[in-house]
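Before any comments, here is the structure.
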Number of protein chains: 2
Amino acid sequence: MREDHQDAIRRVDETRLWQRHAQMAQIGAIPGNGVNRAAFSTEDIRARRLLVSWAEARNFEVSMDGIGNVFVRRPGLEPNAAPVLSGSHMDSQPRGGRFDGIYGVLAALEAIEAIDEAGVKTRRSIELVAWSNEEGGRFSPCTMGSAVYTGAKTLGEVAGAQDNDGVVLRDALAETLAALPHVRKREFNAPAAAYIEAHIEQGPLLELEGKTIGVVTGIQGLRWFNVEVFGETAHAGTTPLRVRKDAVRAAVAVIQALAEHIRDPDDIVRFTVGRMLVTPNSSNSVASHVLFSVDLRHPDLATVQQLGESVAEIARQAAAPCTVKITPTLHDDPCTFDASVVASIENAAGRLGLAHMRLPSGASHDAMYMSRVCPTGMIFVPCEKGVSHNEAENATPGDLAAGARVLTATLLDLASR
Amino acid sequence: MREDHQDAIRRVDETRLWQRHAQMAQIGAIPGNGVNRAAFSTEDIRARRLLVSWAEARNFEVSMDGIGNVFVRRPGLEPNAAPVLSGSHMDSQPRGGRFDGIYGVLAALEAIEAIDEAGVKTRRSIELVAWSNEEGGRFSPCTMGSAVYTGAKTLGEVAGAQDNDGVVLRDALAETLAALPHVRKREFNAPAAAYIEAHIEQGPLLELEGKTIGVVTGIQGLRWFNVEVFGETAHAGTTPLRVRKDAVRAAVAVIQALAEHIRDPDDIVRFTVGRMLVTPNSSNSVASHVLFSVDLRHPDLATVQQLGESVAEIARQAAAPCTVKITPTLHDDPCTFDASVVASIENAAGRLGLAHMRLPSGASHDAMYMSRVCPTGMIFVPCEKGVSHNEAENATPGDLAAGARVLTATLLDLASR
């Protein structure tokens, strides 16, 4: 590795990175060590101002696009070459944690500061990006900033979204943009050489496997369904089992059959029935109706398609003598990250001597939309017991810094190309 | 069979019996051909007056005890010999049908009228009884009239029960007793030679088997439990299945394991999971808690005991890695009807050439309490698709009359002993 690159990586400052997390966590702090920082809220504006103040203190160029995505640029030797982007989001779930999203923003800031302190001249510019409204907790849908930036959605399509108090996104966004009047405006979807997002894993795999770095191979696809089972209510004491159309028993059989069908020795398939509603839900009446959710995910397109397509027939067969109705409720195909970006992250982790593993992302991220417009990758660091979207979300200063070092090395690699 | 007994059975009048059902169904009629005749209500008092008017038109002796049970007596040759009792109840579920309970009362009236018209002299008196508050739909608990009559409960124990409007049973009962001031008072628990209750099956077995008469062998025992499964919530996209503690999957496994354990080739065991509550009940969160009900019934004491005792261990094993908590919520041992009464009913059905079968009662009846104080049996007739506790409850005039004929023959047999 180049001497100046090594210097930059050494300058990643665990304490500074940790303290910035603590400062950000004060904005929208809620009991239990959590954060409530809704998109385009007063707290969101405060977080943007704090980020911009750190960037301006270093004389980085700050800009903002029409959906409020914030960009912080460290220029490269070839200012007209497409930059390498890195970031995540600063908004949170209503009862969110101190690391989800904000880590990727602060890790990118740490990386460009460390690179700047080391005086490294990169060929390409490096840009931090803080995406607007990734969580979708206040205004639906989620990953809105990257969707609009990349053109997957238009600003007009999302501007009418309302929060639970009837506030329209258009107005909240206008306030947010007006709150940072000195920040330069920028266009959507400027060319990008690559995009890297650092994030807490939000799952337990790294902790379970004793790894510090997750080299993310893509974002898995998902299929959601509501399965309705139609039976007939009957007296629990008098009705022989052979003549029943018991919707609970049928639902149980369907769930077991689906579980059998998706059984995966590699434990990659995610299959969850998290919601069940029974009618009439009386202990001495045979159930006439059950509605339950099916959440199926897999990183491989063909697999997630096959799994999704199998649900209706398996449910129909297993539910007999009850009948079923299957309603698809969500449908996302997997994205696969760029092989050279994945290799760059993996090499960086290896050169830094960090225990690492490849894994797909179970949750969705802005990297999904970015992967459609440029070579993209993600770096995961462990979070305690995999807990996320929860005040108890936790990560260690050492792991966060390790991820920032891998990010720094990867950005230097990609910005040199 | 004695000529006069044959004459009495011939005098059972299908049309009269059906028309009396229709008259009673007008008292508390609700849309959909149903009946709402709550215990000790205005409708209940009207039903009592109608019954008493029919009894007095025939010069039968009418009496009423302290809980409002109505007795109609046709004296036998030996007035001091313990009488044979037959009846059921006149109250209904809030959305009840036209046959549940009232059929047993009207069949007993039809029997003693037919016997009277035939001029049969029986050794023992025959008494119709209309039990108060069998349903428990307004005042809990159910089968109250027979419980108090037989001494299983005291009047003081039940008198404080309140309905949903805060009316106290003591007051509603006092109004009911005062509404029939000319009716003679009688004591609880006078000696009885036998008790026979005719009832619609409230299940589908007779219809399924093509039988007109059910010779009831007893009332099955039951065990009710709440099973709670404790897991851990987790992200449906990120958490590998092998590390989950998924309360829905564990509950499904427990229900399947219980169903396997109770599998009964004779289809006598009743096993129902009618109620399920999932927490947090979100489609993309692994469930942390499931509560479900278990309703287990069987006519045999040892079997119902064994089944009940097996629940906790089966649930504990099948739920792993989740944990379970089992809470018993109801516990009734089976009652077995008197062999000679069962044989008398069976012989009567046979002699009348009616297709019949032995079966246990899935639901509870006043016959349960009576079986503790005298030889007891029950006669079932089919109801359409087994539907009961429902406005759609239905039975045919021919089946109702057939049951009344079997009842008449049985009463004549037992009253001759």
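The values are calculated or read from the model by the stated rules, or taken from the named source; none is laboratory data. Only a predicted model underlies this, so the values are computations on that prediction, with no experimental measurement involved. Glycine gets a Cβ as well: all are built from the backbone with ideal geometry, and neighbour counts include every protein chain shown.
So here's what we get for this one:
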{"quantity": "Single match in A:LEU307, A:LEU301, A:LEU296 (criterion: more than 23 Å from A:ARG405 (Cα to Cα), surrounded by fewer than 16 Cβ atoms within 10 Å (Cβ to Cβ) and not hydroxyl-bearing (Ser, Thr, Tyr))", "calculated": "A:LEU301"}
{"quantity": "In region B:345-354, residue farthest from the other protein chains (Cβ to nearest Cβ) [restricted to those that are crowded, with 24+ Cβ neighbours inside 10 Å and over 23 Å from B:HIS89 (Cα atoms)]", "calculated": "B:ALA348"}
{"quantity": "Among the candidates A:VAL304, A:VAL294, A:VAL341, A:VAL290, residue that is facing another protein chain (nearest Cβ under 10 Å), within 30 Å of A:THR376 (Cα to Cα), touching a residue at least 60 places away in the same chain (Cβ under 8 Å) and in contact with a strand residue (DSSP E or B) (Cβ under 6 Å, 6 or more places away or on another chain)", "calculated": "A:VAL294"}
{"quantity": "Meets criteria (assigned to a helix (DSSP H, G or I), under 14 Å from the mean Cα position of the chain (by Cα), of a type outside the set (S, T, N, Q) and within 14 Å of chain A (Cβ to nearest Cβ)) for B:MET368", "calculated": "yes"}
{"quantity": "Verdict on A:ARG95 being touching a Gly at 6+ places or on another chain (Cβ under 6 Å) and either modelled with pLDDT of 95 or more or farther than 24 Å from A:VAL148 by Cβ (or both)", "calculated": "yes"}
{"quantity": "Residue count for region A:377-414, restricted to those that are assigned to a helix (DSSP H, G or I) and hydrophobic (A, V, I, L, M, F, W, C)", "calculated": "10"}
{"quantity": "Scope region B:355-398; condition surrounded by fewer than 24 Cβ atoms within 10 Å (Cβ to Cβ) and of a type in the set (Asp, Glu); matching residues", "calculated": "B:GLU384, B:GLU391"}
{"quantity": "Scan of region A:233-260 for residues that are part of a strand (DSSP E or B) and more than 9 Å from every other protein chain (Cβ to nearest Cβ), ordered by number", "calculated": "A:LYS245"}
{"quantity": "Residue within region B:12-19 that is farther than 21 Å from B:PHE99 by Cβ and part of a loop (DSSP other than H, G, I, E, B) present", "calculated": "no"}
{"quantity": "Matching residues, region B:261-283, being facing chain A (nearest Cβ under 7 Å) and either assigned to a helix (DSSP H, G or I) or surrounded by fewer than 21 Cβ atoms within 10 Å (Cβ to Cβ) (or both)", "calculated": "B:ASP267, B:ARG275, B:ASN281, B:SER282, B:SER283"}
{"quantity": "Out of B:GLY119, B:GLY160, sole residue that is without any contact (Cβ under 8 Å) to a residue 60 or more places away in the chain and either surrounded by fewer than 21 Cβ atoms within 10 Å (Cβ to Cβ) or outside the structural domain of B:ASP13 (by TED's automatic domain parsing) (or both)", "calculated": "B:GLY160"}
{"quantity": "Failed condition for A:GLY203, given (1) in the same structural domain as A:ALA108 (by TED's automatic domain parsing); (2) among the small types (Gly, Ala, Ser); (3) at pLDDT 95 or above", "calculated": "(3)"}
{"quantity": "Selection count, region A:250-281, where residues are without any contact (Cβ under 8 Å) to a residue 60 or more places away in the chain and in contact with a Cys (Cβ under 8 Å, 6 or more places away or on another chain)", "calculated": "0"}
{"quantity": "Counted residues, region B:178-206 - those being surrounded by fewer than 23 Cβ atoms within 10 Å (Cβ to Cβ), under 24 Å from the mean Cα position of the chain (by Cα) and not in a loop (DSSP other than H, G, I, E, B)", "calculated": "1"}
{"quantity": "Test set (1) basic (Lys, Arg); (2) within 14 Å of chain B (Cβ to nearest Cβ); (3) surrounded by 15 or more Cβ atoms within 10 Å (Cβ to Cβ) - A:ARG316 fails condition number", "calculated": "(2)"}
{"quantity": "Where A:CYS374 falls short, out of the listed (1) assigned to a loop (DSSP other than H, G, I, E, B); (2) modelled with pLDDT of 95 or more; (3) within 14 Å of another protein chain (Cβ to nearest Cβ)", "calculated": "(3)"}
{"quantity": "Candidate set from region B:213-232 (those that are closer than 21 Å to B:LEU307 by Cβ and facing chain A (nearest Cβ under 10 Å)); member that is farthest from the chain's Cα centre (by Cα)", "calculated": "B:ASN226"}
{"quantity": "Residue identified as touching a residue at least 40 places away in the same chain (Cβ under 8 Å), in the same structural domain as B:SER146 (by TED's automatic domain parsing) and of a type in the set (Ser, Thr, Tyr) among B:THR327, B:THR410, B:THR396", "calculated": "B:THR410"}
{"quantity": "Residue that is nearest to the other protein chains (Cβ to nearest Cβ), among those in region B:191-212 that are touching a residue at least 24 places away in the same chain (Cβ under 8 Å) and among the aliphatic types (A, V, I, L, M)", "calculated": "B:LEU205"}
{"quantity": "Qualifying residue in region B:220-227 (condition: at pLDDT below 95, out of contact with any Gly (no Cβ under 7 Å at 6 or more places or on another chain) and among the small types (Gly, Ala, Ser))", "calculated": "yes"}
